[in-house]
Amino acid sequence: MSRLQGSSSSLKRKRELALVSDTLTDGERVLYNLILSKRDMGIWSGDMKRETNLPDNVVKKSLKLLQSKGLIKEVVNIQNKARKHYMAAQFEPSKEITGGDWYSEGNLDKELINAVKSVCLKYISRQKVVTCDGVLEWSRKSGVFTAEVSNQQIEEILRTLVLDDEIIEVKSTGYGDFENVPVGRVCYKCKSKGGVRGEPKDGAMSSIPCGVCPRINFCSPDGIVSPRTCVYYQKWLDF
């Protein structure tokens, strides 16, 4: 049934294109077919002239008429905003054209980025240790964002926070703050204990079992508690 529906839809689309083509001038038809073939990537008007060899005045007039008929649209190409870029009306621009989720109408949406960074940082501060999947799941369940946020967006925000020196990227040891995160999983935590309030920063010891061991004060090379007899330390070394 689905194949029949797909075939029917395809045939309907071909008939519509045939009807459209019959109402176009030769110049319009050549340009429309070229733009249509570029799908979600669209094409720059300068490339149209080169590929079709149509006179400049014919290209300009045809593009205006195609737009007035609702067959094509002008889109902003983030790679070169000054160029006039066109696309068939039924397609949405690819991320290569728009710049991705963090761009709006060709401009970097700094307000959105800062808002997402702030929310993620507060969540990490409360949780102490998080994974990318964990942040994404929390954001969707809590409804903290008004728009849908993708896994890639969360990854990009976390990387930005690392570069901003707000959080650190570490691998779980399975101990202490990492007890709910599988060993070896990449996770994130605030640089300062408890968040970003200027408290003492976590040291390198926090990433190994010794940093969270309640018997660290009794540990010595030849003591009852020692690195040589500690099963947790050996597991960490093996990892």
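The values are calculated or read from the model by the stated rules, or taken from the named source; none is laboratory data. Remember, it's a predicted structure, so these values are computed and weren't measured experimentally. Here Cβ is always computed from backbone atoms with ideal geometry, including for glycine, and neighbour counts include all displayed protein chains. Side chains are part of the model used for accessible areas, which takes the heavy atoms of the whole protein and leaves out ligands, DNA and RNA. Shrake-Rupley method; radii C 1.70, N 1.55, O 1.52, S 1.80 Å.
Leu36 sits with roughly 40 Å² accessible to a 1.4 Å probe, with DNA, RNA and ligands left out of the calculation.
Run the accessible area of the stretch 63-178 with a 1.4 Å probe and give the carbon-and-sulfur part as a rounded percent. Roughly 47 percent, rounded to a whole number. If you sort Arg159, Arg29 by accessible surface, 1.4 Å probe, largest first, the order is Arg159, Arg29.
With a threshold of 19 Å on the Cα-Cα distance, the over-threshold entries among Lys38/Lys110; Lys141/Lys191; Lys38/Lys73; Lys64/Lys84; Lys49/Lys95; Lys122/Lys189 are Lys38/Lys110; Lys141/Lys191; Lys49/Lys95. Given the stretch 68-184 reduced to its alpha-carbon atoms as identical point scatterers, what log10 I(q)/I(0) does the Debye formula return at q = 0.16, 0.20, 0.23 Å⁻¹? Scattering profile of the stretch 68-184, log10 relative to I(0): -0.84, -1.09, -1.30. Using the Cβ-Cβ distance between Trp44 and Lys128 with R0 set to 45 Å, the FRET efficiency works out to roughly 0.35.
Annotation: peptides 110-117, 85-92, ranked by per-residue average of other Cβ atoms within 10 Å with the highest first, follow the order 85-92, 110-117. Taking only alpha carbon atoms, the stretch 30-85 gives an Rg to Rh ratio of 0.92, where Rh is the Kirkwood radius.
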